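*Asks:* What follows is a single structure, and I will ask about it in a moment.
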Amino acid sequence: MKKIALLVGHRKGSQGAFGNAGISEWNFNRELVKEVVKAAENLDAELKIFYRKDEGSGYTERIKEVHREIDAWGADITISFHFNAALNANANGHEVLHCASSQKSGEYAEIMNNIFNRNLNNRDRGVKPKTMEDRGGGFLCRGKSHCILIEPFFAYYQNEYMPGTEGRKSLINSIVEFIKTVS
């Protein structure tokens, strides 16, 4: 049985981008991960939600701290939940980031991206490998688990992924399909 950490992107004190429904990345994904856990409860995987703390001495220390917690729990895979900032209709699509030096996280990123391609009604922006020096790479390339960071849509399209929409169902089903595939 795989242990999969679900990390809510950003934190309460720094909530990330706001979408056209007026919800921050942190608040949007805080609710989304709870829905994913509920939808995946019958799968052969152990899921646990993690959050970056507001306390600490900067971004890098907060990332190290959350990785220590994820590593102590024994996660095999970590999914970091985000959405892309951009408040115009020209920016549309999904992408999945992973650590460039981890072949396994690259494989997981490809699996997730292929699932998004089948299930989400937006453009494929691809799988994006990151190094420790790249934005987001400091998170992706730390810790013992294989990490991916999902950006399933742009902020302009947040209304399409709010609770009760077909987009939200597709997003949850995509993540559950990923969990089922890798478990």
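*Asks:* Work from the charge dipole of the chain (Cβ charges, +1 for Lys and Arg, -1 for Asp and Glu, about the Cα centre) and give the residue of ALA40, SER174, SER102 farthest towards its positive end.
*Replies:* Going by the charge dipole, the pick is SER102.
*Asks:* Can you list, by residue number, the Cys in the chain that have no neighbouring cysteine C-beta under 4.7 Å?
*Replies:* CYS147
*Asks:* Moving to a separate point now. Can you tell me the dipole magnitude for the chain around its Cα centre, using point charges on the Cβ only (Lys, Arg +1; Asp, Glu -1), in Debye to the nearest 20?
*Replies:* 180
*Asks:* Find which of ILE79, ASN92, CYS141 sits farthest along the positive direction of the dipole of the chain, computed with +1 on the beta-carbon of Lys and Arg, -1 on that of Asp and Glu, about the Cα centre.
*Replies:* CYS141
*Asks:* Is it possible to state the helix-based mean residue ellipticity at 222 nm for the chain, with each DSSP H run of 4+ residues giving -39500 (n - 2.57), the sum divided by total residues, to the nearest 500 deg cm²/dmol? What is it?
*Replies:* Theoretical 222 nm ellipticity from helices: -12000 deg cm²/dmol.
*Asks:* Using a 1.4 angstrom probe on heavy atoms only, work out the carbon and sulfur share of the accessible area of the chain in %.
*Replies:* Reported share for carbon and sulfur atoms: 46 percent.
*Asks:* Quick check on segment 1-85: of the DSSP beta bridges with both residues there, what percent are antiparallel, nearest 5%?
*Replies:* Here the share of antiparallel DSSP bridges comes out near 15 percent.
*Asks:* A follow-up question, please. Got a number for the accessible area of TYR51? Probe 1.4 Å, square angstrom, nearest 10.
*Replies:* Number for this one is 80 Å².
*Asks:* Could you provide, to the nearest whole Å², the per residue accessible area of segment 1-91 with probe 1.4 Å?
*Replies:* So segment 1-91 comes to 48 Å² accessible per residue, rounded to a whole number.
*Asks:* Ok, one more. Please return the longest stretch of the chain lacking exposed loop sites, where GluC sites (Glu not before Pro) count only if DSSP places them in a loop and at most 16 other Cβ atoms lie within 10 Å.
*Replies:* In the chain, the maximal stretch lacking such sites is 56-132.
*Asks:* So which of LYS53/LYS180; LYS128/LYS180; LYS130/LYS169; LYS12/LYS180; LYS38/LYS128 end up more than 26 Å apart by C-alpha?
*Replies:* Violating the 26 Å Cα-Cα cut-off are LYS53/LYS180; LYS130/LYS169; LYS12/LYS180; LYS38/LYS128.
The values are calculated or read from the model by the stated rules, or taken from the named source; none is laboratory data. Since the structure is predicted, the reported quantities are computational estimates derived from the model, not experimental observations. Cβ sites come from the backbone with ideal geometry, for glycine too, and all protein chains shown count toward neighbours. Surface accessibility is based on the protein's heavy atoms, side chains included, excluding ligands, DNA and RNA. Shrake-Rupley method; radii C 1.70, N 1.55, O 1.52, S 1.80 Å.
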